[in-house]
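Below: one structure, written as structure tokens.
No lab work stands behind these numbers, since they all come straight from the coordinates. Values in this document were obtained by computation on a predicted structure and should not be read as measured data. For neighbour counting, all protein chains shown are included, and Cβ atoms are generated from backbone atoms with ideal geometry for every residue, glycine included.
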Amino acid sequence: MRKYAAFSFSVAVILLAALAACDKATLYNGNVYIAILYKKNPQKGFKVYYKKGVPEKDNKETLLSDGMQTTNEAGTVTFYQLTPGSYTFYTFGYLPEAGRVVSRDTNLVIRARYRDESNYRFDLTLN
């Protein structure tokens with residue numbers, strides 16, 4: 001009986017050591033790369049906002065956001081390390097070339113991933 005107990009204990013220790021040595025799954029967040037275009041031309045200086053979940057407005061009817069960046073010389077922005085979930089990205093502003101206020105929005109679902117393939121790229125073409 002003692003031999004069986006010692007054997008069982010040894011097996012349990014080996015199994016615990018093997019489980020502890022296993023790599024834990026890493027959850028990668030998403031990096032979102034956006035280009036703002038008007039008539040296929042990149043637009044510098046546009047503010048791009050994002051909101052996780054359903055977009056909301058405050059009591060002054062202003063859209064609320066979780067983050068904002070301004071497009072660079074190439075008309076792009078990158079939002080880093082966004083957690084999995086549903087997002088709305090939007091931009092608006094006066095565009096002299098169009099002679100009016102232009103805007104665009106889109107929805108994106110960032111999925112949980114366990115390999116570092118969590119980058120998203122898309123264009124927002126102003127209208």
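For this structure, a couple of remarks:
- Ratio Rg/Rh, restricted to the stretch 28-127 and using Cα atoms, in which Rh is the Kirkwood radius: 0.99
- Zone of Glu56's modelled label, taken as backbone nitrogen in the stretch 66-97 under 12 Å from a point 7 Å along Cα→Cβ: 66
- Working from label points 7 Å from Cα in the Cα-to-Cβ sense, the Ala112 to Thr26 distance is 1.8 nm.
- Couplings 3J(HN,Hα) of the stretch 100-112, computed from phi: 6, 7, 10, 7, 6, 9, 7, 10, 8, 9, 8, 9, 5 Hz, in residue order, whole Hz [Karplus 6.51 cos²θ - 1.76 cosθ + 1.60, θ = phi - 60°; x for Gly and Pro].
- Extension reserve of the Glu97-Tyr33 stretch, reckoned as 0.36 nm per residue once the Cα distance is removed: 20.6 nm
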